[in-house]
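This report refers to the structure that appears directly beneath it.
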Amino acid sequence: MTIPKDIRFISFDCYGTLIDWDGGVRAELARVFGDAHADELLARYHEDEPELQRSGALSYREVLTESMRRLGAPAGTEHGLAESLPGWHAFPEVHGALEELRSRGWMLAILSNTDDDFIAASQIQIGVPFDEVVVAQEIGSYKPAHRHWEEFFERTRAPREGHVHVAASLFHDIAPANELGLRSVWINRLGEPASVQPTRELSDLFSLPETLDELVAA
């Protein structure tokens with residue numbers, strides 16, 4: 001795909017930004033281990049996942065399954081987290097915000113640490129079409145490595161002056177966006193302190209269309 005120089009393009013992380021990733025993972029942990037242990041195990045999951053992704057050798061399905069094994073999932077339940085992912089819901093404001101962005105002429109992309117079948121299911125949950133999708137399974141690399149962005153710009157030839165990356169993870173997305181000299185919007189749904197500085201910070205996507213129009217004029 002080659003696009004005109006005046007086109008505006010947003011790339012999104014998916015899980016945690018558009019899809020309720022923490023909610024989906026926690027629900028499965030509570031089902032397997034009990035609600036009383038779910039928050040502690042969710043914190044451990046956050047620690048284990050980047051280590052499992054580092055080499056890029058495992059599919060995201062394998063990452064989810066091995067994470068469950070490390071957490072001590074009983075035999076026969078270790079695949080449950082991967083099996084639950086297609087049912088994880090989009091945050092309530094996501095559909096409306098993305099529809100508004102498309103109406104304002106923005107093109108939309110997803111750059112995600114996931115597999116083809118998972119992202120296809122999540123796009124159904126979101127209910128808005130995307131112009132480009134880059135997932136870890138097809139490039140053999142997980143963010144915060146830069147390969148997702150390199151692949152995105154190779155495929156689209158999107159002008160960097162008309163591009164903004166939107167994500168909920170400082171580690172996986174905002175830090176590498178800064179390293180690449182890209183503008184970013186951090187969706188800080190949990191009210192966390194910022195260890196790196198995004199271009200803008202929002203608590204959700206409700207005001208994202210206006211924020212992006214400020215960053216990149218039509």
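The values are calculated or read from the model by the stated rules, or taken from the named source; none is laboratory data. None of the values given here were measured: they were computed from a predicted structure. Positions of Cβ are backbone-derived with ideal geometry, glycine not excepted, and every protein chain shown enters the neighbour counts. What goes into the accessible areas is simple: the full protein's heavy atoms, side chains included, and nothing from ligands, DNA or RNA. Shrake-Rupley method; radii C 1.70, N 1.55, O 1.52, S 1.80 Å.
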* To do: Tell me the helices (runs of 4 or more DSSP H) entirely within the range 27-98 that contain at least 2 residues that are free of Cβ contacts under 8 Å to residues at least 60 places away in the same chain and more than 26 Å from Val128 (Cα to Cα).
  => 35-53, 60-70
* Structure fact -> Given the conditions (1) among the aliphatic types (A, V, I, L, M); (2) in contact with a Leu (Cβ under 9 Å, 6 or more places away or on another chain); (3) open to solvent by less than 20 Å² (accessible area, probe 1.4 Å), every one holds for Ala177 apart from (2)
* **Sole residue being more than 16 Å from the chain's Cα centre (by Cα) and under 16 Å from His79 (Cβ atoms), chosen from Ala43, Ala57, Ala27** => Ala27
* In the range 139-169, how many residues are more than 25 Å from Glu62 (Cβ to Cβ) and hydrophobic (A, V, I, L, M, F, W, C)? -> 4
* To do: Would you point out which residue out of Gly105, Gly87, Gly72, Gly80 is closer than 20 Å to Ala168 by Cβ and among the small types (Gly, Ala, Ser)?
  => Gly87
* Structure fact -> Those residues of the range 141-163 which are outside any loop (DSSP other than H, G, I, E, B) and either open to solvent by 50 Å² or more (accessible area, probe 1.4 Å) or of a type in the set (Lys, Arg) (or both) amount to Arg147, Glu150, Glu154, Arg155, Arg160, Glu161
